[in-house]
Amino acid sequence: MKINSSKLKRWNLSAVALVSFAAGSLITSRLAHINQVRANSSRVFELRVYHVLPGKMPALESRFRDTTSKLMAKHNLEVVGDWVAEGTADYTFVDILAHPSQDEAKKNWDALMADPEFQAVMKSEQANKLVEKIESTYMRPTDFSPLK
């Protein structure tokens, strides 16, 4: 029995298309699953609001710029960003951090607080207080948040 070469080419083309479709479907399925896992992770963000004493904002910014940020990085406290509220009567410094989980956040904060370098920074601030109070809020990203 003789096979027509044009039929053979069509079968080969169909087989290649089928295998390509199957491979593409598997890859797409894997990528979709990865995004779903990320959305369901335990990653949290921490909003820290520092209520700064009048006239002390430059000193607090300097402390974060020169020492605190470096010590936080040393202890795996990932800073997303720092902000200062605008306005002459507003004394608000905002710090947002990302943590793999709330348990990891606690572990990393405890390590920072136990660090002798950080304790020295806090001891030096006792004589020249910069912050009235700090408010901390843990937040989870929504499934539609661009930052997860």
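Where a number appears in this text, it was derived from the coordinates with a stated rule and is not lab data. Keep in mind that what you see is a predicted model, and the values were worked out from it rather than measured. Backbone-built Cβ (ideal geometry, glycine too); neighbour counts: all protein chains shown.
Would any residue of the range 97-121 have its amide N under 17 Å from a label point 7 Å out along Cα→Cβ of S42? List them or say none. Residues 98-110 fall inside that zone.
Under 5 Å from the amide H of S101 lie the amide H atoms of V44, each residue being 5 or more positions distant or on a separate chain, with H modelled from the backbone and absent for Pro and chain starts. Packing around the peptides 47-59, 110-122, taken as the average count of other Cβ atoms within 10 Å per residue, puts them in this order, highest first: 47-59, 110-122. May I ask you to list the residues of the range 60-90 whose amide nitrogen lies under 11 Å from a point 7 Å from Cα along the Cα→beta-carbon direction of Q126? Inside the label zone: nothing.
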